[in-house]
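Data block below; observations after.
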Amino acid sequence: MNQNAPEACIERVVAEIERMGGRAHLSRGQFRTIIGVVGEETTIDQNHLASLDGVEKVVPIMKPYKLGSREFHEEDTVVPVGGGKTPVVMIGGPHAACIAGPCTVENEQMLYRIAREVRAAGATVLRGGAFKPRTSPYSFQGLGLTALQWMRACGDELGMPIVTEVMDTRQVELVERYADMFQIGARNMQNFDLLREVGRTSKPVLLKRGLAATVKDWLLSAEYVLSQGNRNVILCERGIKTFEDSVRFTLDITSIPVVREWSHLPVIIDPSHSTGRREWVPAVAAAGMAAGAHGVIVEVHYCPAEALCDGPQALLPEKFAELMGQIRAIAALVGKTLA
């Protein structure tokens, strides 16, 4: 739209888009509004739209991920996480954050102990698995509703928004009731029904990159969420499968600047799942922050040897505190403030 186009003109364009069978997605910047049109290309009359009052130009977005592209939304998206009984944590643009906690919620006592440790060290969002996707059906699968209730109470008490994984469309309503942010795991990155379902909610979505997904695949998965009206998507690079076998997965550092150029969505990294070894987590976390990530998600446990899930990659609380000091300094060097 033209700079400072009247609201009546914007409403008229939206009405015309809907009359043609399309859906309008508004991106309001500081000086102008861009209206993204999603629908069948053959039904959208671009010449008619260009003739409407207030329209500066009509620009076809060539990338397959329309709403997630810089062409649709030039400014960085900043995603607010939390609210209500917890402070709002901003992620994106100049705002970075650390998400930390246990891989899985094993019992109430361990959750509170770890949460207090990571909160004291500077983490602002609490992670923890209530439902756990495991390679073996005989491995610990999580405590479900009980874990969600413990996490909600713990987050409210400590002033930390909570994020937890949702694995199935049937879990969305339950997880939405307790969590501040959905996590879509790597194995579900292309579970399109699940992506649509969380896209119909108002809660932010943390979308992890699939094990064998390209950056374009990853952004197209984000598009499923965005297309349903949920604009609060945070991408998470967590490592991909390559020929390298010295680490659990290969964390693709180059994906961070690529995403930053192609998309307006914030991107964080998961150095825990990518390395699989706690001694390598700090170096990878630092590299990700230096490359432009908007934060990290890290697993922490006070007794990794007794952890029910992914103990070898969990940092001890004192090592996590050291890591926070390092990434806070790096964030400042690249123009970000670590919440």
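Here are some notes:
- Ranked by the mean number of other Cβ atoms within 10 Å of their residues, highest first, the peptides 109-119, 237-247 come out as 109-119, 237-247.
- Within the chain, DSSP assigns beta bridges of which about 30% are antiparallel (rounded to the nearest 5).
- Stretching the chain fully between Ser202 and Glu279 yields a gain of 24.0 nm (0.36 nm per residue, less the alpha carbon separation).
- Projected over all directions and averaged, the alpha-carbon convex hull of the chain occupies 17.4 nm².
- Working from Cα pairs under 8 Å separated by at least six residues, relative contact order for the chain is 17 percent.
- Prolate/oblate/rounded label for region 1-81 (Cα gyration tensor, a/c 1.5): oblate
- The amide H of Leu315, built 1.01 Å from its N in the peptide plane, has Glu299, Val300, His301 as neighbours under 5 Å, considering only residues 5 or more places off or on other chains.
- Dividing the mean sequence gap of close Cα pairs (under 8 Å, 6+ apart) by how many residues region 7-50 holds gives a relative contact order of 35 percent.
- Against the main long axis of the alpha-carbon atoms of the chain, helix 317-333 sits at an angle near 30°.
- Kirkwood Rh in Å, taken over all unlike Cα pairs in region 7-50: 10.8
- Counting only DSSP H runs of at least 4 residues, each contributing -39500 (n - 2.57), and dividing by the residue count of the chain, the helix-based mean residue ellipticity at 222 nm comes to -10000 deg cm²/dmol.
- Once the Cα atoms are used to define both axes, helix 7-19 deviates from the longest principal axis of the chain by about 90 degrees.
- Sites Tyr302 and Arg187 - FRET efficiency at Förster radius 22 Å, r taken between beta-carbons, to 0.05: 0.20
Read the figures in this text as sums done on the coordinates, not as results from a lab. Because the structure is predicted, anything quoted here is derived from the model rather than measured. Heads up, the Cβs are rebuilt from the backbone with ideal geometry, glycines too, and the neighbour counts pull from every protein chain shown.
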